[in-house]
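To keep things clear, I will list the structure first and then write my remarks on it.
The values are calculated or read from the model by the stated rules, or taken from the named source; none is laboratory data. Fair warning: this is a prediction, and the values are worked out from it, not measured in the lab. No Cβ is skipped: glycine too gets one built from the backbone with ideal geometry, and neighbour counts run over all protein chains shown. Remember, those area values only see protein heavy atoms, side chains included, never the ligands or the DNA or RNA. Shrake-Rupley method; radii C 1.70, N 1.55, O 1.52, S 1.80 Å.
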Amino acid sequence: MAKHSTVGSLIPVQKRWSLMILLCIALSTAVAFFIGASFNSCNSVEYSDNHNFNAPIHSFQGGTAVAKEENSLNFMKSKFVLMVSHELSLSGGPLLLMELAFLLRAVGTRVVWITNQKPAESDEVIFSLEQRMTDRGVEIMSAKGQETVDAALKADMVILNTAVAGKWLDAVLQENVPRVLPKVLWWIHEMRGHYFKLEYVKHLPFVAGAMIDSQTTADYWKNRTHERLGIKMPETYVVHLGNSKELMEVAEDSVARRVLREHIRESLGVRKDDLLFAIINSVSRGKGQDLFLKGFYEALQLSKERKLKVPPMHAVVVGSDMGAQTKFETELRNFVADKKIQENVHFVNKTLNVAPYLASIDFLVQNSQARGECFGRITIEAMAFQLPVLGTAAGGTTEIVVNGTTGWLHPAGKEGVTPLAENIIRLATNVEIRRTMGTKGYYRVKEMFLEHHMSHRISLVLKEVLQKAKRSIH
């Protein structure tokens with residue numbers, strides 16, 4: 001069987017303390033790879049809608065000039081924001097909303113959090129995440145009841161997170177829905193067709209605005225809601241995400257990166273000069289781990305056929321779930337066994353703490369399929385670590401990766417397997433290209449995808465939503 005690894009290997013005592021400190025820093029990058037994303041080069045311009053069935057789409061994307069010293073969210077001090085998440089889990093949507101909650105708490109906003117769907121039995125993940133929020137001053141409130149209705153009515157703004165959260169409006173607010181809609185900001189991350197249900201989004205045309213993580217996804221929602229549901233989108237804002245300060249601290253600390261790289265590679269059983277191609281996502285067919293492994297296997301065969309002199313190559317699949325042993329993951333492991341590449345493929349359990357793996361690998365593969373991902377936070381995180389990115393030309397990845405400059409894009413689907421294999425070979429055989437791509441990717445992150453960029457972009461949206469909410473009262 002392919003190797004399965006955790007970060008539990010024994011290491012020298014003198015190294016262990018420094019490593020633990022670094023891991024603690026890295027753990028605070030709580031916006032994990034599960035955000036489920038992928039991604040035209042972005043300009044901070046207004047996108048004019050060419051169809052009359054929707055409101056304009058405004059692009060608050062990369063390149064917005066803002067001083068680091070300023071906190072663009074200061075105007076939210078003493079405001080009251082109610083956040084409604086459809087669930088609380090280690091997936092991208094809830095974690096991203098949590099990050100916004102912490103940014104708002106840092107400027108003195110009162111933030112109340114509601115999780116619409118919770119399991120009946122106690123859940124360790126939910127308990128841990130709620131504890132983390134309460135430690136940062138976020139109030140946890142029940143999804144139902146008069147207290148919840150009163151909070152929605154009193155709040156300056158209500159942020160609904162993901163399309164599915166729309167079910168909460170009628171179920172809880174009932175006759176009060178029309179009073180709350182004018183101050184609702186609906187943050188949408190989904191790109192899958194099954195989310196386009198009228199029961200989820202029937203109130204979407206009447207909210208103050210929709211915030212979406214990429215232009216590609218915003219265009220998809222605009223067209224899909226009109227064609228499939230016969231409803232129009234509200235005023236829509238495209239807001240690209242940014243890397244947390246904590247992750248950037250690790251990415252820019254050469255000592256931290258070296259220690260993490262040595263430790264993770266030791267735990268995987270690979271040497272310091274081996275080449276590691278990693279896919280970091282929850283393991284599922286939509287994320288394309290199967291096609292990645294096929295492309296990697298083809299690259300190994302090409303290397304042998306062409307008698308290339310390259311260091312040993314390894315594929316690392318981060319996001320495994322040994323406890324679940326899904327049918328899809330079994331397929332992946334069977335493929336590895338059938339092709340006899342167990343020594344070259346490593347499965348790693350899902351984790352929030354992606355920084356150690358980003359420090360240890362040489363390339364990121366973002367292989368999400370079909371329409372791709374809404375954005376793909378892991379892509380900008382990898383670029384912060386100066387890693388070239390091999391991504392599918394779908395979804396938000398095209399707004400992050402500059403093809404031929406910070407990485408290479410390949411088609412989604414089976415037709416992308418051979419191009420991916422060729423791109424793996426191109427990077428494996430050319431040290432200068434991978435260094436140049438990594439450096440350019442890092443500077444692209446510094447220019448467009450930092451926390452203060454994201455805060456500024458979100459602040460522009462929140463100001464407009466607050467103004468609309470005030471006008472609706474008068």
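Structural remarks
- Within the range 139-154, considering residues that are open to solvent by 10 Å² or more (accessible area, probe 1.4 Å) and among the polar types (S, T, N, Q), the one nearest to the chain's Cα centre (by Cα): SER142
- Scanning the range 441-460 for residues that are among the charged types (D, E, K, R) and either crowded, with 18+ Cβ neighbours inside 10 Å or within 14 Å of GLU70 (Cβ to Cβ) (or both) gives ARG444, GLU451, ARG457.
- Filtered residues of the range 275-295 (kept if outside any helix (DSSP H, G or I), out of contact with any strand residue (DSSP E or B) (no Cβ under 6 Å at 6 or more places or on another chain) and open to solvent by 10 Å² or more (accessible area, probe 1.4 Å)): SER284
- Top-ranked residue in the range 350-367 [being of a type in the set (A, V, I, L, M), touching an Asp or Glu at 6+ places or on another chain (Cβ under 9 Å) and over 17 Å from LEU293 (Cβ atoms); ranked as modelled with the lowest pLDDT]: VAL354
- When residues of the range 315-349 are limited to those that are part of a loop (DSSP other than H, G, I, E, B) and within 16 Å of GLY295 (Cβ to Cβ), the one most open to solvent (accessible area, probe 1.4 Å): LYS339
- From the list ALA370, ALA412, the one residue that fits, being modelled with pLDDT under 95 and open to solvent by 10 Å² or more (accessible area, probe 1.4 Å), is ALA370.
- Every test in (1) at negative phi; (2) in contact with a helix residue (DSSP H, G or I) (Cβ under 7 Å, 6 or more places away or on another chain); (3) surrounded by 24 or more Cβ atoms within 10 Å (Cβ to Cβ) is passed by GLY376 save one, and that test is (1).
- Yes/no for LYS463 being under 19 Å from ASN71 (Cβ atoms), open to solvent by 70 Å² or more (accessible area, probe 1.4 Å) and not hydroxyl-bearing (Ser, Thr, Tyr): yes
- With respect to the stated conditions, ILE279 is in contact with a Phe, Trp or Tyr (Cβ under 8 Å, 6 or more places away or on another chain), within 24 Å of ALA251 (Cα to Cα) and not polar (S, T, N, Q).
- In the range 155-208, of all residues being among the basic types (Lys, Arg) and farther than 17 Å from ASP219 by Cβ, the one that is surrounded by the most Cβ atoms within 10 Å (Cβ to Cβ) corresponds to LYS183.
- Cβ-Cβ under 7 Å pairs, at least 6 apart or on other chains, the range 315-327 side at pLDDT below 75, far side open to solvent by 60 Å² or more (accessible area, probe 1.4 Å): MET322/HIS4
- Any pair with Cβ under 7 angstrom, 6 or more apart, that starts in the range 418-436 at a residue that is modelled with pLDDT of 95 or more and ends at one that is aromatic (Phe, Trp, Tyr) and not in a helix (DSSP H, G or I): ASN423/TRP408; ILE424/PHE277; LEU427/PHE363
- Tallying residues that are polar (S, T, N, Q), under 26 Å from TYR200 (Cα atoms) and either out of contact with any helix residue (DSSP H, G or I) (no Cβ under 6 Å at 6 or more places or on another chain) or surrounded by fewer than 22 Cβ atoms within 10 Å (Cβ to Cβ) (or both) within the range 78-115 yields 3.
- Residues of the range 209-234 that turn out to be open to solvent by 10 Å² or more (accessible area, probe 1.4 Å) and farther than 23 Å from GLY376 by Cα, as a count: 7
- In the range 245-269, residue farthest from the chain's Cα centre (by Cα) [restricted to those that are within 18 Å of VAL354 (Cα to Cα) and not in a helix (DSSP H, G or I)]: ASP253
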